[in-house]
Amino acid sequence: MDRSLLEQRYARVRAGLPPHVKLIAVSKTRSVEEIRALYDLGHRAFGENYPQELKEKQPQLPGDIEWHFIGNLQTNKVKYIAPFVHLVHTVDGTGLLDELQKRAERAGRELNVLVQVHIAEEETKHGLSPAEATELLHSWEAQRWSLVRPSGLMGMATNTPDMGQVRQEFNGLAALFHRLREEGRVDPTQFTELSMGMSGDSAVAIAAGSTMVRVGSAIFGER
Ligand SMILES: *Cc1c(COP(=O)(O)O)cnc(C)c1O
């Protein structure tokens, strides 16, 4: 691992972010040593995609790291991350919410989550439609997820060089986010995060109103 290269890349990514945008360093497939090196530069928020991998890394790293779960989450894996995860970005259904509630009860803590919305063209990306996400959030109060807090929305744009299309997709998600907040069916003091933007499209996401970008390769190099 080249520490000075990591430091340069990290500084470059940071320099491109306005102060209100939170940087989640995506560390999937990266070693504990690489994560530790970024930690030593002062970074604290890391994102992981695989529950088992996160469960193995977490105890080997400092306890003040804020772990974000950003991958597809199967219900049978929630137990691996519920005791310590800071924010789950990828909630896309009631079955997963039931399991998050159950594991939050067992862990004796609340869990903050984002609802993932499908905004891309590709069928492979997960997430609810905007209508489904709206319905889920509108029914939240009447539901049984007292320990699971909706903190905002997450989305991934189509993987395309057409930044006009990417901009349109991010603008659509941002519009949904603001509409939900303004309608008063979510608590606007808690429903505050809009997680969108990765290494290739974070500038477009920020222009559209992102509050959290999830950046891996621009910091750690190509996977
Ligand atoms: C891997 C991943 C990222 C980071 O991707 P980079 O292109 O390496 O920045 C962001 N978000 C999600 C959901 C990911 O799976």
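The values are calculated or read from the model by the stated rules, or taken from the named source; none is laboratory data. Since the model is a prediction, treat every value here as computed from it, not as a measurement. Cβ coordinates were reconstructed from backbone atoms using ideal geometry, including for glycine residues, and neighbour counts include every protein chain displayed. Only protein heavy atoms, including side chains, enter the accessible area calculation; ligands, DNA and RNA are left aside. Shrake-Rupley method; radii C 1.70, N 1.55, O 1.52, S 1.80 Å.
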So, with points 7 Å from each Cα along the Cβ direction, the Ala207-Asp187 label distance in nm works out to 3.6
Built amide H within the under 5 Å cut-off of Val26, gap 5+ | Gly47, Val215, Gly216
In segment 54-151, what chymotrypsin sites (Phe, Trp or Tyr not before Pro) fall in a loop by DSSP, with at most 11 other Cβ atoms inside 10 Å?
-> none
Relative contact order of the chain: what whole-number percent is it, with Cα pairs under 8 angstrom and at least 6 residues apart?
-> 20
Principal axis box of segment 1-97, alpha-carbon based, largest edge first, Å = 43, 29, 20
How would Thr160, Thr189 rank on accessible area, largest to smallest, probe 1.4 Å?
-> Thr189, Thr160
Convex hull of the chain built on C-alpha atoms - directionally averaged projected area, nm² = 11.8
Report, to two decimal places, the Cα Rg of segment 96-145 normalised by 2.2 N^0.38 Å (N = number of residues).
-> 1.33
Where N is the number of residues in segment 65-140, Cα Rg divided by 2.2 N^0.38 Å = 1.10
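Using the Cα atoms as the points, what is the convex hull volume per residue of segment 129-203 in Å³?
Output value, Cα hull per residue: 101 Å³.
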Solvent exposure, largest accessible area first (probe 1.4 Å, DNA, RNA and ligands not counted), of Glu135, Glu169, Glu110, Glu66 = Glu135, Glu110, Glu66, Glu169
Can you spot the lysines whose alpha carbon is less than 16 Å from Lys102's alpha carbon? Ignore those fewer than 8 places along the same chain.
-> Lys77, Lys79
